[in-house]
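*Asks:* Let me give you the structure first, and then I'll get to my questions.
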Amino acid sequence: MKMQRIVFLLLVLAGVQYFANAQIAVRGDIVYTMNGEAIQNGVVLINGKTIERVGAIDDITIPDEYEVYSGSVVTPGIIDARSVVGLAGMYNYDHDQDQIELSDPVQPELRAIDAYNPRENLIDFLLGLGVTTLHTGHAPGALASGQTMIVKTGGPYKEAVIDSAKMVVFTLGPRVTSNFSTPGTRSKSIAMLRSEFFKAEEYAQRRASDDPERRPSPDIKLETLARVLDGELTALITAHTATEILAALRLAGEFGFQPVLAGASEAYLVIDELKGADVPVIIHPTMIRTFGDAQNASFETAAKLSEAGIRVVFQSGYESYVPKTRVVHYEAAIAVANGLPFEQGLASVTINTAELLGIDNRVGSLEAGKDADVVIFDGDPFEYLTNVETVIVDGKVVKNRE
């Protein structure tokens, strides 16, 4: 009985230590704040869950009680703009592959949060590489495959979820045909989606009626599409060929919603159209396998779109091979090696992605008042041989090589 009390007391003390407000100083030979110029010999002070102050070491006195972590390069936590991690597990087993439901080509009502596994090993794998925030959810491959969510990779699950429903995933092209008997052609795909959006428009109008008799019975499919039309949820449209990209822009223009384009292997062929529509692009993983609708993917696409003024961010996407995920800043690194400026590449996996996802008030840059999500590298973050030394999420050290 005495031993049980001792164990209980130790557990309580451990719990108090874990949830106590951290006081940490992060020093870096160079600190990329993503909110202005990089700081040589910089320091980030963390008090509790948030950043207290950022600046040069000559301008900031580190209090004696702050625990100091140091490294070569310091950045905000890396953000993956498009993933299926947590729905797709590490191995090719049916029980951990919930990223796409093949019973119907149009299922926008499926929620990522209902299938997300916070204990999935891939999450911890990415956390160890500095990825602190995921925009994850259903995979491409259906006309409407379901919804996405935004979640941190570290910390208690309830606190980790930033947004339980952010976007609805749509797909155009042969990936749909390979999974379903219908639609068979591109025009049929657009016709089916157009029909569903018309139904959603009528549903929304009837739902808003002052006459209770005219209000429809709840329909979660049409309810979800209606939320896309009114902008409450964003349409994330995977389209690789120029033909499919233009079709996606026409559909969005017809129904008046602002889409985000994903994939976009042939985006370099329709730069003027993308710029004119002011559509941001979550570019395909730079090292994507070039076959099928992605056969014309290029290492240089991100640089070309960025140079044209089109907002570009990076994704790990869906990886069909074990270990079932790519690493987003490795993909950005290849784009940097093929013409994308270094700091633009870093912004595209930090602040630019945070802005696209509407979470830049919390993450994406090192600024006072923002979440204390910080990564310490022992060298260039885009160099494959660079190691992640320390990862901090919400002011807690969750990974430390030492």
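The values are calculated or read from the model by the stated rules, or taken from the named source; none is laboratory data. Keep in mind that this is a model prediction, so the values were computed, not measured. Here the Cβ positions follow ideal geometry from the backbone for every residue, glycine too, while neighbour counts run over all protein chains shown.
*Asks:* Look through T75, T33, T61 and report the one residue that is of a type in the set (S, T, N, Q) and in a strand (DSSP E or B).
*Replies:* That would be T75, the only listed residue that is of a type in the set (S, T, N, Q) and in a strand (DSSP E or B).
*Asks:* Another question about this same structure. So T290 passes all but one of these: (1) assigned to a loop (DSSP other than H, G, I, E, B); (2) more than 16 Å from S265 (Cα to Cα). Which condition number does it fail?
*Replies:* (2)
*Asks:* Hey, another quick one. Quick one: in the stretch 281-293, which of the residues that are crowded, with 19+ Cβ neighbours inside 10 Å and over 14 Å from R326 (Cβ atoms) is farthest from the chain's Cα centre (by Cα)?
*Replies:* Out of the qualifying residues, it is D293.
*Asks:* Which residues, taken from the stretch 179-193, are under 21 Å from Q295 (Cβ atoms) and free of Cβ contacts under 8 Å to residues at least 12 places away in the same chain?
*Replies:* Residues satisfying the conditions are G184, T185.
*Asks:* Just checking, does the stretch 101-109 include any residue being touching a Lys or Arg at 6+ places or on another chain (Cβ under 8 Å), buried (at least 24 other Cβ atoms within 10 Å of the Cβ) and assigned to a strand (DSSP E or B)?
*Replies:* No, there is no match, as no residue in the stretch 101-109 is touching a Lys or Arg at 6+ places or on another chain (Cβ under 8 Å), buried (at least 24 other Cβ atoms within 10 Å of the Cβ) and assigned to a strand (DSSP E or B).
*Asks:* In the stretch 316-323, is there at least one residue being farther than 28 Å from G173 by Cα and either touching a Lys or Arg at 6+ places or on another chain (Cβ under 8 Å) or assigned to a loop (DSSP other than H, G, I, E, B) (or both)?
*Replies:* Scanning the stretch 316-323 turns up no residue that is farther than 28 Å from G173 by Cα and either touching a Lys or Arg at 6+ places or on another chain (Cβ under 8 Å) or assigned to a loop (DSSP other than H, G, I, E, B) (or both).
*Asks:* Moving to a separate point now. Applying the selection to the stretch 81-100, what residues are assigned to a strand (DSSP E or B), under 15 Å from Y321 (Cα atoms) and not hydroxyl-bearing (S, T, Y)?
*Replies:* Scanning the stretch 81-100 gives V85, A88, Q97.
*Asks:* Say whether the condition of being in contact with a Ser or Thr (Cβ under 6 Å, 6 or more places away or on another chain) and either under 16 Å from E109 (Cα atoms) or not β-branched (V, I, T) (or both) is met by at least one residue in the stretch 223-233. Step through it out loud before you land on a result.
*Replies:* So in the stretch 223-233, the residues in contact with a Ser or Thr (Cβ under 6 Å, 6 or more places away or on another chain) come out as none.
Taking every residue of the stretch 223-233 in turn, none turns out to be in contact with a Ser or Thr (Cβ under 6 Å, 6 or more places away or on another chain) and either under 16 Å from E109 (Cα atoms) or not β-branched (V, I, T) (or both).
*Asks:* Within the group V43, V68, V84, which residue is in contact with a Gly (Cβ under 9 Å, 6 or more places away or on another chain) and either among the polar types (S, T, N, Q) or over 30 Å from R111 (Cβ atoms) (or both)?
*Replies:* Details: V68 fails: in contact with a Gly (Cβ under 9 Å, 6 or more places away or on another chain); V84 fails: either among the polar types (S, T, N, Q) or over 30 Å from R111 (Cβ atoms) (or both).
Of the residues listed, the single one that is in contact with a Gly (Cβ under 9 Å, 6 or more places away or on another chain) and either among the polar types (S, T, N, Q) or over 30 Å from R111 (Cβ atoms) (or both) is V43.
*Asks:* When the stretch 234-262 is examined, which residues are found to be out of contact with any Asp or Glu (no Cβ under 9 Å at 6 or more places or on another chain) and farther than 22 Å from T353 by Cβ?
*Replies:* Listed by number, the residues that qualify are A247, R250, L251, G253, E254, G256.
*Asks:* Can you tell me which residue among V151, V169 is touching a His at 6+ places or on another chain (Cβ under 6 Å) and touching a residue at least 60 places away in the same chain (Cβ under 8 Å)? Quick ask: steps written out before the conclusion?
*Replies:* Details: V151 fails: touching a His at 6+ places or on another chain (Cβ under 6 Å).
Unique residue meeting the criteria: V169.
*Asks:* Also, quick follow-up: Please indicate, with yes or no, whether at least one residue in the stretch 378-386 is touching a residue at least 40 places away in the same chain (Cβ under 8 Å) and either in the same structural domain as P156 (by TED's automatic domain parsing) or not in a loop (DSSP other than H, G, I, E, B) (or both).
*Replies:* No, that holds for no residue.
*Asks:* Condition check: more than 19 Å from I79 (Cβ to Cβ) and modelled with pLDDT of 95 or more. Does V279 satisfy that?
*Replies:* When the stated conditions are applied, V279 passes them.
*Asks:* Which one of these is modelled with pLDDT of 95 or more and either surrounded by fewer than 19 Cβ atoms within 10 Å (Cβ to Cβ) or outside the structural domain of S320 (by TED's automatic domain parsing) (or both): V169, V161, V228?
*Replies:* The match here is V161.
*Asks:* Taking the options A302, A252, name whichever one is in contact with a helix residue (DSSP H, G or I) (Cβ under 6 Å, 6 or more places away or on another chain), in the same structural domain as R326 (by TED's automatic domain parsing) and assigned to a helix (DSSP H, G or I).
*Replies:* After ruling out the rest, the residue left standing is A302.
*Asks:* For A144, state whether it is closer than 19 Å to V260 by Cβ and in contact (Cβ under 8 Å) with a residue 24 or more places away in the chain. Walk me through it before giving the result.
*Replies:* Working: closer than 19 Å to V260 by Cβ: yes; in contact (Cβ under 8 Å) with a residue 24 or more places away in the chain: yes.
Considered against the rule, which asks whether it is closer than 19 Å to V260 by Cβ and in contact (Cβ under 8 Å) with a residue 24 or more places away in the chain, A144 comes out as yes.
*Asks:* Within the stretch 125-159, work out how many residues are in contact with a helix residue (DSSP H, G or I) (Cβ under 8 Å, 6 or more places away or on another chain), farther than 24 Å from I376 by Cα and in a loop (DSSP other than H, G, I, E, B).
*Replies:* So the answer is 5.
*Asks:* Which one is surrounded by the fewest Cβ atoms within 10 Å (Cβ to Cβ), of the residues in the stretch 55-85 that are hydroxyl-bearing (S, T, Y) and touching a strand residue (DSSP E or B) at 6+ places or on another chain (Cβ under 9 Å)?
*Replies:* Restricting attention to the stretch 55-85, the residues satisfying the condition of being hydroxyl-bearing (S, T, Y) are 61, 66, 69-70, 72, 75, 83.
Keeping just the survivors that are touching a strand residue (DSSP E or B) at 6+ places or on another chain (Cβ under 9 Å) gives 66, 69-70, 72, 75, 83.
Working: Y66: 18, Y69: 21, S70: 14, S72: 16, T75: 25, S83: 28.
Within the stretch 55-85, the match that is surrounded by the fewest Cβ atoms within 10 Å (Cβ to Cβ) is S70.
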